[in-house]
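Just below is one structure, and these are the notes that go with it.
The values are calculated or read from the model by the stated rules, or taken from the named source; none is laboratory data. Quick caveat, the model's predicted, so the values are computed rather than measured. Note that we place each Cβ from the backbone using ideal geometry, even for glycine, and neighbour counts take in every protein chain shown.
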Amino acid sequence: MKLLKIIKDFSYTHSENTAFISPEKEITYKQLWSESEKVASFLINEPLPNGSPVIVYGHMEPEMIISFLGSVKSGHPYIPIDTSIPIERIEKIIESSSSKLFINVSKQSFSLENSFVKIINFDEIVDNLSENTEVSTENWVKEDDNFYIIYTSGSTGNPKGVQISANNLQSFVDWMVKDFPINGNLQFLNQAPFSFDLSVMDLYPALASGGHIFAITKDMIAKPKYLFEAFKKSNIQIWTSTPSFVQMCLMDPSFTEELLPELTVFLFCGEILPVSISQQLLKRFPKAKVFNTYGPTEATVAVTYVEINTEVLQQYESLPVGKSKEDTRILLVDENWNEVSEGEKGEIIIVGPSVSKGYLGQKDLTDKAFTSFEGQMAYKTGDAGYKENDQLFYKGRMDFQIKLHGYRMELEEIEHHIAQSQYVKMAVVVPIYQNDKIEYLTAAIIPSEHVFEKEYQLTGAIKKELSEVLPAYMIPRKFSYYDDLPMTPNGKIDRKQIKEKVLV
């Protein structure tokens, strides 16, 4: 694979250059390659089915990157799982993926009940193998082989494994290196956990261009003073994040060019980029370029881009997500798959080589969302959009799937888990918008009989149950309680009326 060959070449030509920096440790390109060779050698000697995915568990450690590369060099895709993911969800991912091996790089003890997956600590792999371990390139994943599998939200309460092949990833990386000013020995910010596909936007373009990755952890984000001290020493040149994260940073007046004098590019994906944020960035970082991008996990991170400059800000009240990359076609269609006219809203269909082959082991869901169009894979995003002046504009979801702070999730999945609570008869989750952007989720609930005197006590009990099955970002911020919930004449829950109820 071209990407792996480039990284291998850098391990010789840039051997002592730093590849990855975390708060606890730095590794060079030479170390990245040699340590991942050990992981690959270990995996080749394990009795794993061909192409069986390897789970890698941790949080922003360099050993995660080492394990990713070791997996794909041994012919196995990896599944990244962050330490913030609840155990029950991890068990569902293991069951769905049929993974037989779980690499724990977190330094924390980890165990699972009633699971057939083998759990091994990263140190157990590398400490027992020779420094000169080398794996044949014949073992590498290639072409349509899966490179990684990222699990996203599913409407039945079960996560879906999006399969990204070597070809899918190569299409994305080639585009990033070619069409963005990010090439050549630059320092990239890594803000997104590896289980969130936004992380791919900094990880592989950095490694494909001889760059360095500066990772920030959830503990750093929770302590802004510590975070800003790290920024001051970081020499970050390429900023990749959700708009929500940079919005948090902009709340501090010291977040300016003086703090990050080397910063030249902002890359945003995962949610709507507000005009106000773009205006502030251009003012505070006058030498930097700001890019807005769009794309779902199923099409390998992003497929469209536009530079947000003063001219664009003056022209549009809500920002475009731009034009598609060269090898990709964006269709806007009505419910009968007829292309809509310019300015008319339709469903966004993505056609091209970065579109996934589908969801791992879930043929029905794959057949529903993926198809072939003129000989190429196509993904029916469920996103609404329209085109104006050859620019694509994103206009939200056409179903119950939403994006909140960059994380894509299905309201039906959250509702499913709330409804499983012993304290709940019925639940509807409603997204609350501000300026076309989802600020938070609220849950409208018909409660079961309970012993709590105060509503906040009931809410606390429900949230405690949810924390065992859902990531924190999927748990609604607010809970409201009712004797009944409105219905439409067709017998469906009237979400519009419920939204009006919770906003009162």
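Here's the yes/no breakdown for (1) buried (at least 24 other Cβ atoms within 10 Å of the Cβ); (2) touching a helix residue (DSSP H, G or I) at 6+ places or on another chain (Cβ under 7 Å):
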{"position": "Val275", "(1), (2)": "no, yes"}
{"position": "Ser278", "(1), (2)": "no, yes"}
{"position": "Lys283", "(1), (2)": "no, no"}
{"position": "Lys289", "(1), (2)": "no, no"}
{"position": "Asn292", "(1), (2)": "yes, no"}
{"position": "Thr297", "(1), (2)": "no, yes"}
{"position": "Thr300", "(1), (2)": "yes, yes"}
{"position": "Val303", "(1), (2)": "yes, no"}
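Find the strands (runs of 3 or more DSSP E) located wholly in the stretch 324-429 whose residues include 1 or more that are touching a Lys or Arg at 6+ places or on another chain (Cβ under 8 Å) and farther than 24 Å from Leu169 by Cβ, and list them. Reasoning before the result, please.
Working: elements: 329-333, 346-351, 370-373, 376-388, 391-397, 401-404, 407-410.
Per the criteria, 329-333, 346-351, 376-388, 391-397, 401-404.
Every listed requirement among (1) crowded, with 16+ Cβ neighbours inside 10 Å; (2) touching a residue at least 24 places away in the same chain (Cβ under 8 Å) is met by Ala427 save one, (2). Checked against (1) touching a residue at least 24 places away in the same chain (Cβ under 8 Å); (2) more than 21 Å from Pro243 (Cα to Cα); (3) surrounded by fewer than 18 Cβ atoms within 10 Å (Cβ to Cβ), Lys395 passes all but condition (2). The helices (runs of 4 or more DSSP H) found wholly in the stretch 199-315 and carrying at least 2 residues that are under 20 Å from Phe188 (Cβ atoms), in the same structural domain as Gly352 (by TED's automatic domain parsing) and basic (Lys, Arg) occupy 224-234.
Among the residues of the stretch 189-198, what is the count of those that are aliphatic (A, V, I, L, M) and part of a helix (DSSP H, G or I)? Can you show your working first?
Applying the first criterion (aliphatic (A, V, I, L, M)) to the stretch 189-198 yields 189, 192, 198.
From what is left, the residues that are part of a helix (DSSP H, G or I) are 198.
Final tally of qualifying residues: 1.
Screening Gly406 on (1) of a type in the set (Gly, Ala, Ser); (2) at pLDDT below 90; (3) in contact with a helix residue (DSSP H, G or I) (Cβ under 7 Å, 6 or more places away or on another chain); (4) at negative phi shows it passes everything except condition (4). Comparison of Gly270, Gly211 shows that the only residue that is at pLDDT 95 or above and not aromatic (Phe, Trp, Tyr) is Gly211.
Would you check if Val105 is touching a Gly at 6+ places or on another chain (Cβ under 7 Å), hydrophobic (A, V, I, L, M, F, W, C) and either over 27 Å from Asp144 (Cβ atoms) or not assigned by TED's automatic domain parsing to the domain that holds Lys218 (or both)? Reasoning before the result, please.
Details: touching a Gly at 6+ places or on another chain (Cβ under 7 Å): yes; hydrophobic (A, V, I, L, M, F, W, C): yes; either over 27 Å from Asp144 (Cβ atoms) or not assigned by TED's automatic domain parsing to the domain that holds Lys218 (or both): yes.
Yes.
Give the stretch 74-85 a look and list any residue that's surrounded by fewer than 24 Cβ atoms within 10 Å (Cβ to Cβ) and either among the aromatic types (Phe, Trp, Tyr) or under 17 Å from Glu26 (Cβ atoms) (or both), or say none. Within the stretch 74-85, no residue meets the criteria.
Let's see how each residue does on (1) surrounded by fewer than 24 Cβ atoms within 10 Å (Cβ to Cβ); (2) over 14 Å from Asn139 (Cα atoms); (3) more than 25 Å from the chain's Cα centre (by Cα):
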position	(1), (2), (3)
Met1	yes, no, no
Asp9	yes, yes, yes
Glu16	yes, yes, yes
Ala19	no, yes, no
Lys30	yes, yes, yes
Ile44	yes, no, yes
Asn50	yes, no, yes
Ile65	no, yes, no
Val72	no, no, no
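Determine whether the stretch 73-88 contains at least one residue that is of a type in the set (Ser, Thr, Tyr), farther than 23 Å from Gly406 by Cα and at pLDDT 95 or above. Full working, then the answer.
Taking the stretch 73-88 and keeping what is of a type in the set (Ser, Thr, Tyr), we get 74, 78, 83-84.
Now restrict to residues that are farther than 23 Å from Gly406 by Cα: 74.
If we keep only those that are at pLDDT 95 or above too, we end up with 74.
Yes - at least one qualifying residue is present in the stretch 73-88.
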